[in-house]
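Worksheet: one structure, shown below.
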Amino acid sequence: PDVQFIAAHLGNPWFDDLRKLMRKYPNLSTDISGQVYSGRNEDTLEYRDFIVGEIRKFLELPNGWARVMFATDWPIQSYAYSLDLVRHLVLGEKELVAILGGNAKRIIPALRS
(Lines give C-alpha, C1' and ligand atoms only; values in the text may rest on other atoms or scores of the structure.)
Protein backbone atom coordinates (compact mmCIF):
# COMPACT_ATOMS: atom_id res chain seq x y z
CA PRO A 1 0.00 0.00 0.00
CA ASP A 2 2.98 2.38 0.35
CA VAL A 3 4.06 1.89 -3.27
CA GLN A 4 2.52 4.12 -5.94
CA PHE A 5 1.72 2.39 -9.24
CA ILE A 6 1.02 4.13 -12.54
CA ALA A 7 -0.82 2.37 -15.34
CA ALA A 8 -0.02 4.23 -18.53
CA HIS A 9 -2.41 5.30 -21.27
CA LEU A 10 -5.64 5.09 -19.22
CA GLY A 11 -5.28 1.36 -19.86
CA ASN A 12 -6.44 1.96 -23.44
CA PRO A 13 -8.33 -0.05 -24.70
CA TRP A 14 -9.08 -1.70 -21.32
CA PHE A 15 -10.54 1.42 -19.68
CA ASP A 16 -13.17 -0.43 -17.63
CA ASP A 17 -10.65 -2.99 -16.39
CA LEU A 18 -8.28 -0.26 -15.20
CA ARG A 19 -11.11 1.58 -13.47
CA LYS A 20 -12.03 -1.62 -11.62
CA LEU A 21 -8.44 -1.97 -10.45
CA MET A 22 -8.30 1.68 -9.42
CA ARG A 23 -11.47 1.25 -7.35
CA LYS A 24 -9.79 -1.62 -5.52
CA TYR A 25 -6.30 -0.10 -5.19
CA PRO A 26 -6.11 3.55 -4.09
CA ASN A 27 -2.36 3.57 -4.78
CA LEU A 28 -2.92 3.02 -8.52
CA SER A 29 -2.96 6.05 -10.83
CA THR A 30 -2.96 6.59 -14.59
CA ASP A 31 -2.04 9.12 -17.26
CA ILE A 32 -3.72 10.42 -20.41
CA SER A 33 -0.92 9.60 -22.87
CA GLY A 34 -1.13 7.06 -25.67
CA GLN A 35 -4.61 7.75 -26.99
CA VAL A 36 -3.74 8.14 -30.69
CA TYR A 37 -1.25 6.63 -33.12
CA SER A 38 0.62 8.89 -35.50
CA GLY A 39 -0.33 8.56 -39.14
CA ARG A 40 -3.64 6.85 -38.56
CA ASN A 41 -7.10 8.20 -39.23
CA GLU A 42 -8.55 7.39 -35.78
CA ASP A 43 -8.24 10.97 -34.54
CA THR A 44 -11.71 12.24 -35.31
CA LEU A 45 -13.87 14.58 -33.27
CA GLU A 46 -15.97 11.59 -32.27
CA TYR A 47 -12.90 9.73 -31.06
CA ARG A 48 -11.68 12.74 -29.03
CA ASP A 49 -15.13 13.04 -27.47
CA PHE A 50 -14.98 9.34 -26.62
CA ILE A 51 -11.55 9.70 -24.95
CA VAL A 52 -12.67 12.79 -23.01
CA GLY A 53 -15.66 10.76 -21.82
CA GLU A 54 -13.37 7.94 -20.69
CA ILE A 55 -11.14 10.40 -18.80
CA ARG A 56 -14.22 11.82 -17.07
CA LYS A 57 -15.10 8.31 -15.87
CA PHE A 58 -11.64 8.06 -14.29
CA LEU A 59 -12.15 11.44 -12.62
CA GLU A 60 -15.39 10.12 -11.08
CA LEU A 61 -13.52 7.37 -9.21
CA PRO A 62 -12.78 7.90 -5.51
CA ASN A 63 -10.11 10.64 -5.50
CA GLY A 64 -10.11 10.27 -9.28
CA TRP A 65 -8.94 13.78 -10.09
CA ALA A 66 -5.95 13.15 -7.78
CA ARG A 67 -5.02 9.96 -9.65
CA VAL A 68 -5.02 11.11 -13.28
CA MET A 69 -1.89 12.76 -14.68
CA PHE A 70 -1.19 14.83 -17.73
CA ALA A 71 1.15 13.13 -20.18
CA THR A 72 2.00 13.08 -23.84
CA ASP A 73 3.36 10.27 -25.93
CA TRP A 74 5.61 12.46 -28.03
CA PRO A 75 5.90 12.25 -30.98
CA ILE A 76 2.88 9.96 -31.24
CA GLN A 77 0.54 12.02 -29.06
CA SER A 78 1.59 15.65 -29.03
CA TYR A 79 1.64 18.07 -26.13
CA ALA A 80 -1.06 20.11 -27.90
CA TYR A 81 -3.28 17.02 -28.29
CA SER A 82 -2.96 16.15 -24.60
CA LEU A 83 -3.72 19.75 -23.59
CA ASP A 84 -6.78 19.70 -25.84
CA LEU A 85 -8.08 16.61 -24.03
CA VAL A 86 -7.64 18.36 -20.67
CA ARG A 87 -9.25 21.56 -21.96
CA HIS A 88 -12.34 19.61 -22.98
CA LEU A 89 -12.71 18.20 -19.46
CA VAL A 90 -13.71 21.69 -18.22
CA LEU A 91 -12.11 21.33 -14.79
CA GLY A 92 -12.04 23.59 -11.79
CA GLU A 93 -8.75 25.29 -10.85
CA LYS A 94 -7.85 22.74 -8.15
CA GLU A 95 -8.40 19.75 -10.43
CA LEU A 96 -6.64 21.41 -13.36
CA VAL A 97 -3.51 22.20 -11.33
CA ALA A 98 -3.49 18.65 -9.97
CA ILE A 99 -3.80 16.96 -13.36
CA LEU A 100 -1.36 19.26 -15.16
CA GLY A 101 1.47 18.58 -12.72
CA GLY A 102 0.51 18.45 -9.08
CA ASN A 103 -0.43 14.79 -9.15
CA ALA A 104 2.80 13.77 -10.87
CA LYS A 105 4.86 15.70 -8.31
CA ARG A 106 3.00 14.03 -5.47
CA ILE A 107 3.08 10.51 -6.94
CA ILE A 108 6.61 10.47 -8.43
CA PRO A 109 9.19 11.38 -5.76
CA ALA A 110 11.89 12.33 -8.30
CA LEU A 111 9.70 15.20 -9.54
CA ARG A 112 9.42 16.86 -6.13
CA SER A 113 12.79 18.61 -6.21
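How many Å² of accessible area per residue for the chain, probe 1.4 Å?
I get 61 Å² per residue for the chain.
Can you tell me which lysines have their Cα less than 21 Å from the Cα of K57? Leave out same-chain residues fewer than eight positions away.
Those lysines meeting the cut-off are K20, K24, K94.
If each residue of separation counts as 0.36 nm, what is the full-extension length gain between K20 and L111 once their alpha-carbon separation is subtracted?
30.0 nm
Using the Cα centre as the reference, give the magnitude of the dipole from point charges on the C-beta atoms of the chain (Lys, Arg: +1; Asp, Glu: -1; all else neutral), rounded to the nearest 20 debye.
Dipole size: approximately 440 debye.
Based on DSSP loop calls and a cut-off of at most 13 other Cβ atoms within 10 Å, the longest stretch of the chain free of exposed chymotrypsin sites (Phe, Trp or Tyr not before Pro) is what?
38-113
Simple spin-label model, 7 Å along Cα-to-Cβ: E93 to L45 in nm?
If labels sit at E93 and L45, their model points lie 3.2 nm apart.
Within the range 1-67, report the trypsin sites (Lys or Arg not before Pro) that DSSP leaves as loop and that have at most 10 other Cβ atoms within 10 Å.
Sparse-neighbourhood loop trypsin sites (Lys or Arg not before Pro): R40.
With equal scatterers on the alpha carbons only and no solvent term, can you work out the Debye log10 of I(q)/I(0) for the chain at 0.10, 0.15 1/Å?
-0.27, -0.61
May I ask you to rank S113, S33 by accessible area, largest first, using a 1.4 Å probe over the protein chains only?
S113, S33
Amide H to amide H, which residues 5 or more places from A71 or on other chains are under 5 Å from it, using H placed in the peptide plane?
Long-range HN contacts for A71: I32, S33.
The values are calculated or read from the model by the stated rules, or taken from the named source; none is laboratory data. All of these numbers come straight from a predicted model, not from anything done at the bench. With ideal geometry, Cβ positions are generated from the backbone for all residues, glycine too; neighbour counts draw on all protein chains shown. Ligands, DNA and RNA are stripped out before the accessible areas are found, and what is left, the full protein with its side chains, is counted by its heavy atoms. Shrake-Rupley method; radii C 1.70, N 1.55, O 1.52, S 1.80 Å.
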